[in-house]
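Notes to accompany the following structure.
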Amino acid sequence: MTALPPGAIDCDLHPAPPSVSALLPYLEPHWADAAGHRGLHELETIAWPPNAPLSCRPDWRDGDRRPGSDPERLIGDAVEGFGTRYAILNCLYGAPMLYSEDMAAGFCRALNDWLRAEWLDRDPRLRASILVPPHAPELAAEEIERMAEDRRFVQVLLPVMGETPPGRRVNWPAYAAAERAGLPVAFHAGSAYRHPPTPVGWPSYLAEDYAAQATAFQSALTSLVAEGVFQKFPDLTVVFAESGVAWLPAHLWRLAKYWRGLRMEMPWVDRSPEEIVRERVRFTIQPFDAPEEPDAVARLFDHLGSDDLLLFATDYPHWQFDGMGALPEGLPADLVQRIAVDNPLSTYPRLEEGEP
Amino acid sequence: MTRHVVAPVSEFPPGTRRCVVLEGRRIALFNVGGRYFGLLDRCPHQGGPLSEGVLTGLVEAGTPGDYSFSRPGEILRCPWHGWEFDLATGRSRFDPRRHRTRAFRVTAEPAGDLRAETVPVRVEEDHVVVET
Amino acid sequence: MTVEVLDRPSGETPAEAALRIADCDIHPSPKSLEREIYPFLEKRWQRHMERYGARPRQPFLNGPAYPKGQPDAARRDAYPPAGGRPGSDLAFMRTQHLDPNNVGFGVLNPLKSGQGLQNLDFADAYCRAINDWQIAFWTREEPRLKASIVIPYEDAAASAREIGRCAGEEDYVQVFMLNRTAEPMGQRRYWPIYDAAAAAGLPLAVHAFGFGGAPITGSGWPSYYAEDMTGHAQSSQAVLTSMIFEGVFDRLPGLKMVLIESGFAWLPALCWRLDRVWMRMRDELHRCRRRPSEIVREQVFLTTQPMEEPRSPRQLVECIDWIGWDRLLFATDYPHWDFDQPDRVLPAWVDAEKRRAFFRDNALRVYGRQMP
């Protein structure tokens with residue numbers, strides 16, 4: 001078992017509202033009223049059916065309660081369990097996926113206020129990401145400005161599959177707001193399901209959908225690089241959460257190859273995509289979809305080419321590993337220190353501010 | 001340094017190119033608007049024949065969407081994988097330090113300074129000379 | 001001093017010259033539709049072609065969705081001196097590619113066929129014509145070249161019929177699809193194709209590109225050709241995932257699949273991920289009875305081009321070690337621009353046994369052929 005050093009930071013945990021009605025006190029009157037008289041359904045996404053094996057580790061289940069919906073359990077299982085100094089909450093509830101821009105924005109505001117009141121105010125170790133509507137970047141920017149005043153919100157959260165490829169200029173107002181506020185933008189596994197999640201249509205199985213998250217991150221990375229997001233926003237950090245990491249070296253080899261031959265299509269990309277990504281993109285470590293053999297893991301890290309890329313995460317309550325094995329075996333201690341402590345602190349400058 | 005007479009200027013007009021073998025090396029020569037350029041005819045990547053590449057300009061952008069186009073005709077794209085080379089230096093656009101092909105100095109010179117070799121040198125006109 | 005003024009570089013003798021190689025991705029084109037394709041296409045469909053054109057699921061009637069980096073996506077030196085499109089002149093293909101690169105076994109993969117056309121009857125007729133054309137104009141003339149059975153894959157019944165019609169002709173070495181299908185390729189609407197391929201004893205080849213209508217990313221259409229090209233690797237990963245999880249390889253344990261022109265370095269990470277997901281949700285994947293990586297090790301092959309290019313070639317070799325040296329089939333993609341030159345793709349220190357597998361023996365084994 002690779003032990004965590006003191007001060008470790010868990011960069012991906014998933015709280016959930018116990019039900020949509022838990023949001024009612026936080027919704028503006030118009031939306032609260034509509035939720036009632038329209039009989040609004042639960043907004044869980046098809047990406048994480050609550051009873052699917054991946055959605056919750058067996059020993060983290062709590063009867064029929066929605067996984068991640070009890071703050072005491074999350075704090076006990078994950079924060080106390082792993083002894084982390086901070087835990088960053090990425091709520092995956094499907095409110096941002098509502099098609100109406102206004103409704104999605106209204107429910108995002110409620111979720112953010114709910115996170116603050118029900119979670120952040122409960123435990124000083126908790127931090128959170130700001131939920132925003134992915135298809136309404138101007139409204140997203142407003143919400144980023146509103147929430148950024150609370151220093152416990154440490155990044156902006158978007159699904160990796162939104163309505164347009166993430167690099168497209170239509171999305172830039174959200175990135176501009178994040179950069180102004182000094183917040184990284186995290187793309188998390190998941191989709192608004194505006195398009196089939198694979199390049200070849202809708203899959204049959206949840207397992208296939210989940211496998212396809214890795215390819216979605218690959219094309220998202222291509223888009224962010226090709227569209228020049230890293231040149232346009234020089235102070236923006238991008239986090240890929242629950243993305244998997246083993247695919248990264250091969251993807252960068254391929255992306256850099258096409259950039260070398262087709263640079264004239266994207267002349268603003270003035271250096272190798274490999275350099276850009278190593279400097280500007282960070283990846284949460286679970287799921288660590290690599291072999292278990294330490295030799296293979298060492299080779300993978302060699303191919304990744306940087307010790308700065310990975311951020312420790314349990315992906316609580318998702319079932320990615322058993323026991324305390326959130327880190328691969330055989331990592332050298334200095335690399336563990338980087339992944340668990342140093343890289344998160346440099347990715348999330350607000351964490352250095354300590355207890356608010 | 002060896003100087004090679006490769007053609008009378010009149011036979012190598014602007015907008016044309018040719019490929020010569022000098023000391024066993026293939027060299028691609030270009031006349032771009034009266035300026036001569038020479039590159040080793042072998043892309044450092046996979047060996048593509050640079051003499052068959054298209055001449056284009058330098059596309060740059062300080063920020064996304066803000067295109068500029070300069071030095072028309074002075075950037076060569078490899079006919080295979082599209083790597084761009086600066087005709088003047090042989091350096092690749094994407095990584096000038098690590099990826100480059102050799103550039104040769106090519107000039108037009110009066111015949112009076114040249115010795116006749118296999119290309120007949122006529123005294124009444126200038127000749128294109130490659131230095132290797 | 002000697003001065004030669006040359007029209008075109010002569011083929012240099014490659015380092016692999018001693019080894020006759022297999023090239024598993026060569027793209028032929030007709031010199032002219034009227035002269036080469038129409039003789040095999042019913043009059044009714046000739047008229048259709050002229051009035052309505054070939055209409056895939058994409059915006060443009062002529063040309064690709066994303067403008068290429070260079071004309072016809074071809075090497076600029078691949079235009080035949082006698083005229084015509086790259087890949088349309090057998091004599092020039094011999095002198096520029098087959099002879100100097102010592103290609104002893106080359107697989108023709110026609111890209112402009114009926115595949116992906118919206119009108120399924122036209123797709124069927126056009127595919128049949130392309131199949132007849134490959135034999136008449138290419139493989140009869142050049143024994144080193146072998147043909148692919150192109151099928152109108154969105155109509156599985158017509159596809160199975162076409163496989164049956166062609167299967168007796170030994171110059172066809174594989175059934176050929178494009179990877180951007182309308183639905184993920186493992187879904188049962190396509191199964192009659194795989195049954196027919198398995199019955200004919202032919203590998204199923206799946207080449208990058210296609211016209212399924214779904215954007216190449218899960219968040220919609222990207223802006224640039226470079227993104228489309230990079231995206232072929234994601235498409236192939238989705239195709240392979242679907243084929244494995246839908247149980248196609250378990251239904252047909254004798255079926256061999258060859259993924260063409262989407263690189264290969266992504267395969268180890270995909271297998272690690274699929275193994276984990278399969279272990280976690282096996283009860284959902286009731287048709288997939290073997291571990292995904294095991295299926296790949298037994299039934300899946302990849303052509304090499306376009307080879308990924310890490311700064312350190314050692315890392316690419318390590319990646320092939322993960323995949324296994326018996327899985328990869330060398331391919332150049334001639335006459336296209338992202339061509340891989342055989343003497344430049346592997347570091348010199350890779351041993352002769354691995355090189356033979358990579359450049360030749362794996363292909364001959366998959367296709368069950370001898371070097372002619």
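Bear in mind that the values in this text are calculations on the coordinates, not laboratory data. Owing to the predicted nature of the structure, the values given are computational and were not obtained by experimental measurement. Methodologically, a virtual Cβ is constructed for each residue, glycine included, from the backbone with ideal geometry; neighbour enumeration extends over all protein chains shown.
Considering only C-alpha atoms, what is the centroid distance from the stretch B:41-110 to the stretch A:45-90, in Å? Each part's Cα centre sits 55 Å from the other's. Here is the list for the stretch A:259-356: GluC sites (Glu not before Pro) lying in DSSP coil, each with at most 11 other C-beta atoms within 10 angstrom of its C-beta, are A:329.
Is the C-alpha gyration tensor of the stretch C:132-252 telling us rounded, prolate or oblate? Criteria: a/c under 1.5 is rounded; beyond that, a/b larger than b/c is prolate, otherwise oblate. Don't skip to the end; give the middle numbers.
Numbers: a/c = 2.32, a/b = 1.42, b/c = 1.63.
Cα axes put the stretch C:132-252 in the oblate bin.
Loop exposure criterion: chymotrypsin sites (Phe, Trp or Tyr not before Pro), DSSP state outside H, G, I, E and B, at most 13 other Cβ atoms within 10 Å. Applied to chain C, the longest stretch between such sites is C:61-348. Shape verdict for the stretch A:142-265, please, from the Cα gyration tensor: rounded (a/c under 1.5), prolate (a/b greater than b/c) or oblate. Oblate is the answer for the stretch A:142-265, as a/c is 1.5 or above yet b/c matches or exceeds a/b.
Select from the stretch A:4-92 those GluC sites (Glu not before Pro) which occupy a DSSP coil region and have at most 16 other Cβ atoms within 10 Å, ordered by residue number.
Details: sites: A:42, A:44, A:72, A:80; in loops: A:42, A:44.
When the GluC sites (Glu not before Pro) of the stretch A:4-92 are filtered for loop state and at most 16 Cβ neighbours within 10 Å, A:42 remain.
Across peptide B:67-79, how many C-beta atoms of other chains are within 10 Å of each residue C-beta, on average? Walk me through the numbers before you get to the answer.
Working: counts 3, 1, 2, 0, 0, 0, 0, 0, 1, 0, 6, 6, 9.
Partner Cβ neighbours, averaged per residue: 2.
The convex hull drawn around the Cα atoms of the stretch C:264-335, when projected onto a plane and averaged over every direction, covers 5.9 nm².
Rounded to two decimals, what ratio of Rg to Rh does the stretch A:21-71 give with C-alpha atoms and a Kirkwood Rh?
Working: Rg = 13.9 Å, Rh = 12.9 Å.
We get a ratio of 1.08 for the stretch A:21-71.
Taken along its three principal axes, the alpha carbon spread of the stretch A:293-356 comes to 42, 28, 17 Å, from the longest extent down to the shortest. For the residues of C:182-188, the average number of beta carbons from a partner chain within 10 Å of their own beta carbon is 5. Exposure proxy ranking for C:338, C:25, based on other Cβ atoms within 10 angstrom of each Cβ and starting from the fewest, stands as C:338, C:25.
In debye to the nearest 20, how big a dipole does the protein assembly as shown give about its Cα centre with +1 on each Lys and Arg Cβ and -1 on each Asp and Glu Cβ?
On the way: 95 positive and 118 negative charges, 430 e Å.
Around 2060 debye, computed over the protein assembly as shown.
Among C:113, A:19, the ranking by other beta carbons within 10 Å of each residue's beta carbon, starting with the fewest, stands as A:19, C:113. Going from the fewest other Cβ atoms within 10 Å to the most, the residues C:139, C:217 appear in the order C:139, C:217. Computed from label points 7 Å out along Cα-Cβ, the spacing between residue A:235 and residue C:136 is 6.9 nm. For residue B:10 and residue B:35, a Förster radius of 25 Å and the Cβ-Cβ distance give a FRET efficiency of 0.95, rounded to the nearest 0.05. Straight Cα distances below 13 angstrom link residue A:232 to the aspartates and glutamates A:179, A:270, B:66, with same-chain residues fewer than 8 positions distant left out. Between B:58, B:39, B:87, the residue with the greatest mean-square fluctuation in the GNM of chain B (Cα pairs under 10 Å linked by springs) is B:58.
Taking the centroid of alpha carbons for each part, the stretch A:196-233 and the stretch C:226-305 are 17 Å apart. The distance from the alpha carbon centre of the stretch C:115-136 to that of the stretch C:40-70 is 12 Å, rounded to a whole number.
Straight-line cross-link reach from residue C:68 at under 14 Å between alpha-carbon atoms covers these aspartates and glutamates, not counting any fewer than eight positions away in the same chain: A:265, C:227, C:228, C:338. As a size descriptor, the averaged projected area of the C-alpha convex hull of the stretch C:21-367 was calculated at 16.9 nm².
For an R0 of 41 angstrom, estimate the FRET efficiency from the Cβ-Cβ distance between residue A:125 and residue A:333 and round to the nearest 0.05. Could the numbers behind the result be given before it?
Values: r = 24 Å, r/R0 = 0.58.
According to the calculation, E is roughly 0.95.
Note: the stretch A:9-349, Cα convex hull, 130 Å³ per residue.
Here is how the number arises for chain C: DSSP H runs of 4 or more residues each give -39500 (n - 2.57), the sum is divided by the residue count, and the result at 222 nm is -9500 deg cm²/dmol. For the protein assembly as shown, what class follows from the C-alpha gyration tensor (a ≥ b ≥ c being the square roots of its eigenvalues): rounded when a/c is under 1.5, otherwise prolate if a/b is larger than b/c, else oblate? Prolate, because a/c is 1.5 or more and a/b exceeds b/c.
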